[in-house]
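Structure first, then comments.
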Amino acid sequence: MKSLGERLAFLRKERALSQAEMAKLLNMGQSTIAMYEKNKRRPDPETLERLGDFFDVSIDYLLGRADSRQKETYPLQDETQARTTMVLLEPGVRTLLADPIFKNIFKRLPNLDLTPGEKELLAQHWDLALQLIEKEKSRLQSIDKKEKPPQE
């Protein structure tokens, strides 16, 4: 099975691009492309997505897990799945879910088998905590503004 580096190099050469040209088109460093192609570095999920889109191939193909370049599409099953998918596509949510602290919390949730009332209680606590954080940030910003001398 081909490695990510081999696939990237093949796709790049297929388009007759140098590493520098590809890097410029993707707004990356040429050394980053070289490291990927030598399998000395692995792209993060967002970069994998960009590479897949750039070459119009599936991420599984890039990773060497599939021989077909075809991107698989899966129809959404219901409205809940559609809403969940939309939330997960938000860049901030992906960053949050990648954070080790939140990842650990979210990993524990499915094992708790929460009742609807317990889920509502959890949501209320999170909402209250977020309101307190926003209020504190706002308070600190207003203090910063008062302490800064007027600029001439």
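The values are calculated or read from the model by the stated rules, or taken from the named source; none is laboratory data. The structure displayed is predicted, hence computed values, not measured ones. Don't worry about glycine lacking a Cβ; one is built from the backbone with ideal geometry, like all the others, and counts go over all protein chains shown. Surface accessibility is based on the protein's heavy atoms, side chains included, excluding ligands, DNA and RNA. Shrake-Rupley method; radii C 1.70, N 1.55, O 1.52, S 1.80 Å.
Taking residues in segment 139-152 that are of a type in the set (S, T, N, Q) and open to solvent by 80 Å² or more (accessible area, probe 1.4 Å), and partners anywhere that are at pLDDT 75 or above and not in a helix (DSSP H, G or I), not one pair has Cβ atoms closer than 8 Å while being at least 6 places apart or on different chains. Every residue in segment 31-61 that is of a type outside the set (D, E, K, R) and not in a helix (DSSP H, G or I), please. Scanning segment 31-61 gives 39, 43, 57, 58. Scanning segment 46-73 for residues that are at positive phi and either in contact (Cβ under 8 Å) with a residue 24 or more places away in the chain or surrounded by 15 or more Cβ atoms within 10 Å (Cβ to Cβ) (or both) gives a single hit, 64.
Cβ separations smaller than 8 Å between residues 6+ apart or across chains give the following pairs from segment 18-30 residues that are part of a helix (DSSP H, G or I) to residues that are of a type in the set (S, T, N, Q) and open to solvent by less than 50 Å² (accessible area, probe 1.4 Å): 23/32; 30/19. Hey, among the residues in segment 17-37 that are closer than 12 Å to residue 5 by Cα and of a type in the set (A, V, I, L, M), which one's most open to solvent (accessible area, probe 1.4 Å)? If we take residues in segment 17-37 being closer than 12 Å to residue 5 by Cα and of a type in the set (A, V, I, L, M), then 35 is most open to solvent (accessible area, probe 1.4 Å).
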